[in-house]
Amino acid sequence: MELLLQFLQNTGYYLADYRHVLMILVGATFIYLSIAKEYEPLLLLPIGFGILVGNVPFFKGFGLGIYEDNSVLHYLYFGVTSGCYPSIVFLGLGAMTDFSSLLARPKLMLLGAAAQMGIFFTLLSALALGFLPKEAASIAIIGGADGPTSIFLTAKLAPHLIGPIAIAAYSYMALIPIIQPPIMRLLTTRSERRIHMPDPRPVSRKELLFFPIVGLLLCCFLAPASIPLLGTFFFGNLMKVSGVVDRLAKTASTAIVDTATIFLGFTVGASTQADVFLTGKSIGIFFLGAVAFSIATGSGVLFAKILNLFLKEKINPLLGAAGVSAVPGSAREVHLVGQKEDPNNFLLMHAMACNSSGVIGSAICAGILWSFNMG
Amino acid sequence: MYGLDAIDAHNGWAMAFAGACIVLTGLAVLSFIISQFPKFVGLFEKKAQPAPTPPPEPQAQPPADIQAPLEISRAADVYGPLILALGEEFKLEALHALFREQNLPHPHITIRNFWNAGLLQQTETGAFVWTANPS
């Protein structure tokens, strides 16, 4: 009888409290959104299931939890805390990215830069709310709308915040269809949303080959701390455009990136153990994440409108919203908002140019913030 | 510490301003450099010695007046004998392959025009028959 009682006291049912139930509901919501609504399923499904796994209550000291040494989850989580998974994801992302629309219209790169202003505004807001500089920098990078970059920088500066920051970053990426369109409509007029972009010029293979090399040298010399992200990103892209290592490029853009995404999502989800995750700081991070994302969207749109004051050939300001690096969600949203106003307006290709420059921009920002806070 | 005091104490203004300037400048420079790529590539290509290329082999050209196969009767005169060589019944893939083999222009448009004009008709077995006699 005593043995049975002891067993029952070790079960999750006995050890659970309201925090576990709350987190399990969050995980279930993520799974629901990914399957029923198809919101970023590649991310939300592994994270959602990871949240369920991470919030099964257990008796501590058995080497089961993600924060316990020698547990299997702890080893898998090493890829997050060391920054390996984000770097691998960037390799695959590079091998999937087509820069031809960006090369055809380089001024769109400025929109990718402008959308990073949300990061620096949030940095100030987080400091004002009492976060330490390293924590504030990690929270601010959510404004880049780039999950792997957020995880990478947080792993380096504030590893204790990886769970909430990753969940906030990916949640807002999944919520792009809800967050971005109202901001885009608020900041643009109907006639601006109907601006057509001319077809991009054809880009030669040599230009495509030069870009990853020039991009790497310029960006990484400027912010060497971004090497782990941009190094693999541009390498992946060079493999793709070179055409001589198709097998490697294909593996990087499929099997490798998929494997990293699975473990990244799953372990980040599992890292949201209720006792670690449900704190006042997490609520602050979620609030600041929403601010960061909204300001990033708005600053991209407003910068495009400012550019239009000086340009003969106007840019559709909706494209500024794609300057955040949520690939390809924000580009798709820009395209859809443009098409609602004019079904013959095809903005997707141009928005992808802003999106890919946003990826570069947010990785540079991560490098800059890491450099500022290295001490 | 909270508010503006916290921002001042942690050097927040300088971090935000410098960070924003660095990323804007970096991407503006990259944008300028890539806008110069076409000129740079052009320079590269001028310097490169063009490899001697063998003269192109003359290809069998269809009669000039069926380059645009809009006149259906003329096209039927030219294509009809070729189609009959496929047999009484044939598949569209075979017809398309034949046109390509003979280097005849606009195979898709021509086949569609024949079909619309009733010159090509589908049988119950899914094959096609040619219903016009060659002149």
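The values are calculated or read from the model by the stated rules, or taken from the named source; none is laboratory data. Treat the numbers as computed from the prediction; the structure is a model and nothing was measured. Cβ atoms come from the backbone with ideal geometry, glycine included; neighbour counts cover every protein chain shown. Side chains are part of the model used for accessible areas, which takes the heavy atoms of the whole protein and leaves out ligands, DNA and RNA. Shrake-Rupley method; radii C 1.70, N 1.55, O 1.52, S 1.80 Å.
Please indicate, with yes or no, whether at least one residue in region A:223-233 is closer than 30 Å to A:Ile295 by Cβ, under 25 Å from the mean Cα position of the chain (by Cα), in a helix (DSSP H, G or I) and of a type in the set (Phe, Trp, Tyr).
Taking region A:223-233 and keeping what is closer than 30 Å to A:Ile295 by Cβ, we get A:223-233.
With under 25 Å from the mean Cα position of the chain (by Cα) added as a condition, the list becomes A:223-233.
Those left that are additionally in a helix (DSSP H, G or I): A:224-233.
Now drop any that are not of a type in the set (Phe, Trp, Tyr), which leaves A:233.
Scanning region A:223-233 turns up at least one residue that is closer than 30 Å to A:Ile295 by Cβ, under 25 Å from the mean Cα position of the chain (by Cα), in a helix (DSSP H, G or I) and of a type in the set (Phe, Trp, Tyr).
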- Message: Could you check region A:224-264 and list, in sequence order, the residues that are in contact with a Pro (Cβ under 8 Å, 6 or more places away or on another chain), open to solvent by 70 Å² or more (accessible area, probe 1.4 Å) and not aromatic (Phe, Trp, Tyr)?
- Response: A:Ile262
- When A:Gly243 is evaluated against the numbered criteria (1) more than 14 Å from chain B (Cβ to nearest Cβ); (2) touching a residue at least 60 places away in the same chain (Cβ under 8 Å), which criterion, by number, is the only one it fails? (2)
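Per-residue answers, yes or no, for (1) open to solvent by 50 Å² or more (accessible area, probe 1.4 Å); (2) charged (D, E, K, R); (3) under 14 Å from the mean Cα position of the chain (by Cα):
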site: A:Ala158; (1), (2), (3): no, no, no
site: A:Gly163; (1), (2), (3): no, no, yes
site: A:Ala169; (1), (2), (3): no, no, yes
site: A:Ile176; (1), (2), (3): no, no, yes
site: A:Pro182; (1), (2), (3): yes, no, no
site: A:His196; (1), (2), (3): yes, no, no
site: A:Pro200; (1), (2), (3): no, no, no
- Complete set of residues in region A:30-68 that are in a helix (DSSP H, G or I), open to solvent by 70 Å² or more (accessible area, probe 1.4 Å) and either farther than 20 Å from A:Val276 by Cβ or hydroxyl-bearing (Ser, Thr, Tyr) (or both): A:Tyr32, A:Ile35, A:Leu42, A:Leu45
- Message: Of everything in region A:202-223, what is at the interface with chain B (Cβ under 8 Å from one of its Cβ atoms), free of Cβ contacts under 8 Å to residues at least 24 places away in the same chain and open to solvent by 50 Å² or more (accessible area, probe 1.4 Å)? Give them in sequence order.
- Response: A:Lys206
- Query: If you go through region A:312-331 one residue at a time, how many are open to solvent by 10 Å² or more (accessible area, probe 1.4 Å), in contact (Cβ under 8 Å) with a residue 24 or more places away in the chain and either out of contact with any Leu (no Cβ under 9 Å at 6 or more places or on another chain) or assigned to a helix (DSSP H, G or I) (or both)?
  - Reply: 1
- Query: Scanning for something in contact (Cβ under 8 Å) with a residue 24 or more places away in the chain and open to solvent by 10 Å² or more (accessible area, probe 1.4 Å), does region A:137-144 turn up at least one residue?
  - Reply: no
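Taking region A:332-349, which residues are open to solvent by 10 Å² or more (accessible area, probe 1.4 Å) and part of a helix (DSSP H, G or I)?
In the first step, residues of region A:332-349 are kept if they are open to solvent by 10 Å² or more (accessible area, probe 1.4 Å); the result is A:332-333, A:335-336, A:339-344, A:346, A:348-349.
Correct list: A:Arg332, A:Glu333, A:His335, A:Leu336, A:Gln339, A:Lys340, A:Glu341, A:Leu348, A:Met349.
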- How many residues are more than 18 Å from A:Pro228 (Cβ to Cβ) and either polar (S, T, N, Q) or within 16 Å of the chain's Cα centre (by Cα) (or both) if we restrict to region A:97-118? 8
- Residue count, region A:184-194 (criterion: of a type in the set (A, V, I, L, M, F, W, C) and surrounded by fewer than 16 Cβ atoms within 10 Å (Cβ to Cβ)): 1
- Task: Kindly check whether there is at least one residue in region A:329-346 that is within 14 Å of chain B (Cβ to nearest Cβ) and among the hydrophobic types (A, V, I, L, M, F, W, C).
- Result: no
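Kindly provide the set of residues from region B:72-86 that are part of a loop (DSSP other than H, G, I, E, B) and at pLDDT 80 or above, ordered by number.
Within region B:72-86, the first condition is being part of a loop (DSSP other than H, G, I, E, B), and the residues that meet it are B:85-86.
The one that is part of a loop (DSSP other than H, G, I, E, B) and at pLDDT 80 or above: B:Leu86.
Quick check: anything in region B:7-15 in contact with a helix residue (DSSP H, G or I) (Cβ under 7 Å, 6 or more places away or on another chain), more than 7 Å from chain A (Cβ to nearest Cβ) and assigned to a helix (DSSP H, G or I)? Reasoning before the result, please.
First, the residues of region B:7-15 that are in contact with a helix residue (DSSP H, G or I) (Cβ under 7 Å, 6 or more places away or on another chain): B:7, B:10, B:12-13, B:15.
Keeping just the survivors that are more than 7 Å from chain A (Cβ to nearest Cβ) gives B:13.
Of the ones still in play, those that are also assigned to a helix (DSSP H, G or I) are B:13.
The answer is yes, given that some residue of region B:7-15 is in contact with a helix residue (DSSP H, G or I) (Cβ under 7 Å, 6 or more places away or on another chain), more than 7 Å from chain A (Cβ to nearest Cβ) and assigned to a helix (DSSP H, G or I).
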- Identify the residue in region B:30-47 that is loosely packed, with under 14 Cβ neighbours inside 10 Å and either part of a helix (DSSP H, G or I) or at the interface with another protein chain (Cβ under 7 Å from one of its Cβ atoms) (or both) and, among all such residues, is modelled with the highest pLDDT. B:Phe32
- Note on the structure: Of the listed residues (A:Ser299, A:Ser282, A:Ser242), the one being at pLDDT 90 or above, under 30 Å from B:Tyr2 (Cβ atoms) and either touching a helix residue (DSSP H, G or I) at 6+ places or on another chain (Cβ under 7 Å) or of a type in the set (Asp, Glu) (or both) is A:Ser299
- Message: Under 7 Å between Cβ atoms, which residue pairs at least 6 apart in sequence (or on different chains) link something in region A:114-131 that is over 13 Å from B:Ala18 (Cα atoms) and free of Cβ contacts under 8 Å to residues at least 60 places away in the same chain with a partner that is hydrophobic (A, V, I, L, M, F, W, C) and surrounded by fewer than 24 Cβ atoms within 10 Å (Cβ to Cβ)?
- Response: A:Leu127/B:Ala6; A:Leu127/B:Ile7; A:Ala128/B:Leu4; A:Ala128/B:Ala6; A:Ala128/B:Ile7; A:Gly130/B:Met1; A:Gly130/B:Ala6
- Task: Output the number of the condition that A:Arg19 fails; it satisfies all remaining conditions of (1) without any contact (Cβ under 8 Å) to a residue 60 or more places away in the chain; (2) among the charged types (D, E, K, R); (3) closer than 30 Å to A:Ile176 by Cα.
- Result: (1)
